[in-house]
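Structure first, commentary second.
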Amino acid sequence: MEKGKFGIRLSFYAVVAFLFVILGYSTPLFLLAGVVIVGEQNEWASRQVIQAVCLQVVSGIVSAFFGLFHFMYSIPILGAIWGTTVGVIESLVSLALLIFAIIAIVKTAKGKEAGVPLADKFANWAYGKVKVQPVYQQPVYAQPAQAAPVAPAPAAPEAAPAQAPADVCANCGAPLNGGAFCTKCGTPAAK
């Protein structure tokens, strides 16, 4: 890994930043972030330190959120339940941050990206490195070649239903239905 403007390896900044997250030292972390972003002006190191700052901010937000409900501890029975719930949630968040920080330390010590979920996207966004997600497109299948449309053969004239000549009117062709006169035109039926 290359050295920065101050003669310090750039991966050192990232490792120290994530160590500050593990130890919960927010003030030294923010000072280190300032030195790396403003002083070193190295994009890779700055993105790693930004990811560490994001982890520290998440920890602070969780603590501040539960601090808003500090009054719950004074309620006799509910306070004990609330305290246990808050303790479990804060422990799980701290464990997740610890795991992310340890993984990030191992990766950045080798000069690779820390890859902290969501924090890496924010750091890349801050430096204008937005990864374009590939858009899934339906595969286009070739249609089988179709033969030229065949003109239909001229239709044969429809044959009239075979009826006895006495059952239809000789004048208009309407059915007589057994009557003596056509119900349509009044012509007498031929017998």
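The values are calculated or read from the model by the stated rules, or taken from the named source; none is laboratory data. Only a predicted model underlies this, so the values are computations on that prediction, with no experimental measurement involved. Here the Cβ positions follow ideal geometry from the backbone for every residue, glycine too, while neighbour counts run over all protein chains shown. These accessible areas exclude ligands, DNA and RNA; they are computed on the full protein's heavy atoms, side chains included. Shrake-Rupley method; radii C 1.70, N 1.55, O 1.52, S 1.80 Å.
Worth a mention:
- Computed from Cα atoms alone, the Kirkwood hydrodynamic radius reported for the stretch 37-85 is 13.3 Å.
- For the stretch 1-139, the calculated P(r), taken from all Cα-Cα distances in 5 Å bins from zero up to the bin holding the longest distance, is 2, 10, 17, 18, 15, 10, 9, 7, 6, 4, 2, 0, 0 percent.
- For the stretch 1-132, the solvent-accessible area with a 1.4 angstrom probe is 59 square angstrom per residue.
- Here the 3J(HN,Hα) profile of the stretch 29-44, calculated from phi with Karplus coefficients 6.51, -1.76 and 1.60 at θ = phi - 60°, is 5, 5, 5, 4, 4, x, 5, 6, 6, 8, x, 6, 6, 9, 5, 4 Hz, Gly and Pro shown as x.
- 3J(HN,Hα) along the stretch 173-178, derived from phi through the Karplus expression 6.51 cos²θ - 1.76 cosθ + 1.60 where θ = phi - 60°, amounts to x, 6, x, 8, 6, x Hz, with x in place of Gly and Pro.
- Near Val168, the amide H atoms lying under 5 Å from its own belong to Leu176; only residues 5 or more places off or on other chains count, and H is placed 1.01 Å from N.
- The heavy atoms of Thr84 offer some 90 square angstrom of accessible surface to a 1.4 angstrom probe.
- Once the Cα-Cα distance is subtracted from the 0.36 nm per residue extended length, the Glu113 to Val57 segment shows a gain of 18.2 nm.
- Around the amide H of Arg9, modelled in the peptide plane, lie the amide H atoms of Gly4, all under 5 Å away and 5 or more residues distant in sequence or on another chain.
- Extending 7 Å from the Cα toward the beta-carbon at both Phe65 and Ile77 defines two label points whose distance is 2.8 nm.
- Extension gain, Lys184 back to Lys129 (0.36 nm per residue minus Cα-Cα distance, nm): 11.2 nm
- Surface/4 estimate of mean projected area, convex hull on alpha-carbon atoms of the stretch 15-64, nm²: 3.1
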